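Following: one structure in structure tokens, then a few remarks.
The values are calculated or read from the model by the stated rules, or taken from the named source; none is laboratory data. No experiment lies behind these values; they were computed from the predicted model shown. For neighbour counting, all protein chains shown are included, and Cβ atoms are generated from backbone atoms with ideal geometry for every residue, glycine included. Just so you know, the surface numbers come from the protein's heavy atoms only, side chains and all, with ligands and any DNA or RNA stripped out. Shrake-Rupley method; radii C 1.70, N 1.55, O 1.52, S 1.80 Å.
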Amino acid sequence: EQAVQQLSQLNITPEKYTSALHHIGANPQILQLLLAAGVNPDTPDWHGITVLQRAAECGITESVKLLLAAGANVNHRNDTDGRTALVLAIQNGHTECATLLANANGLDYQPWTPLTLGVARHDIEDIHRFIGTGNDVNEACREGYTPMQLAAMLGYTGMSNELLCKYRAQSDIWT
């Protein structure tokens, strides 16, 4: 009852959002009510971002769990830059959400290599550590990106330079 009252007080901006879901993904109790009422968990906003992506980006673990249980598409890519919920969780340091998302396609699903995880987290220490333990600087992740490609796509110039100069990553990555 309280959740329904909170929902009625939301200021929804129709030109920017296709669903109230995007406003309340941060509130697992209200989200649960909407999902139980049959709201589509994969409804995107005007940037093609789903509630699962937004919850993962913000580290709202309970909302991520609810959305996964409701069958939300874990592999949806937003319209702006093609990032998935997993990438958003990793980039923002939300490891619990990232683990839930990585496991959503089965226990053996691992789209990332250690190095691409380090790049996605923008953590140069991870890069040093993983290369130091024998990981291949040119190995592509399951989505097809090498650490160098991912660093370039994310605009991590310093990391890209270090991968090229210090670790001799392939420079002809876009051919």
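Checked against (1) assigned to a helix (DSSP H, G or I); (2) at pLDDT 80 or above; (3) of a type in the set (D, E, K, R), residue 129 passes all but a single condition, namely (2).
Taking the stretch 44-94 and the helices (runs of 4 or more DSSP H) fully enclosed by it, the elements with 2 or more residues that are of a type outside the set (A, V, I, L, M), crowded, with 20+ Cβ neighbours inside 10 Å and without any contact (Cβ under 8 Å) to a residue 60 or more places away in the chain are at 51-58.
Matching residues to (1) at pLDDT 80 or above; (2) under 22 Å from residue 58 (Cβ atoms); (3) loosely packed, with under 14 Cβ neighbours inside 10 Å:
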{"position": "100", "(1), (2), (3)": "yes, yes, no"}
{"position": "103", "(1), (2), (3)": "no, yes, no"}
{"position": "114", "(1), (2), (3)": "no, no, no"}
{"position": "120", "(1), (2), (3)": "no, yes, no"}
{"position": "123", "(1), (2), (3)": "yes, yes, no"}
{"position": "151", "(1), (2), (3)": "yes, no, no"}
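Taking (1) over 29 Å from residue 33 (Cα atoms); (2) in contact with a Phe, Trp or Tyr (Cβ under 6 Å, 6 or more places away or on another chain); (3) in a loop (DSSP other than H, G, I, E, B); (4) not aromatic (Phe, Trp, Tyr) in turn, residue 115 satisfies each apart from (3).
If the condition is being in contact with a Ser or Thr (Cβ under 8 Å, 6 or more places away or on another chain) and buried (at least 19 other Cβ atoms within 10 Å of the Cβ), then the stretch 29-43 contributes 31, 41.
If a residue must be open to solvent by less than 30 Å² (accessible area, probe 1.4 Å) and in contact with a Leu (Cβ under 8 Å, 6 or more places away or on another chain), how many such residues does the stretch 125-149 contain? The total comes to 6.
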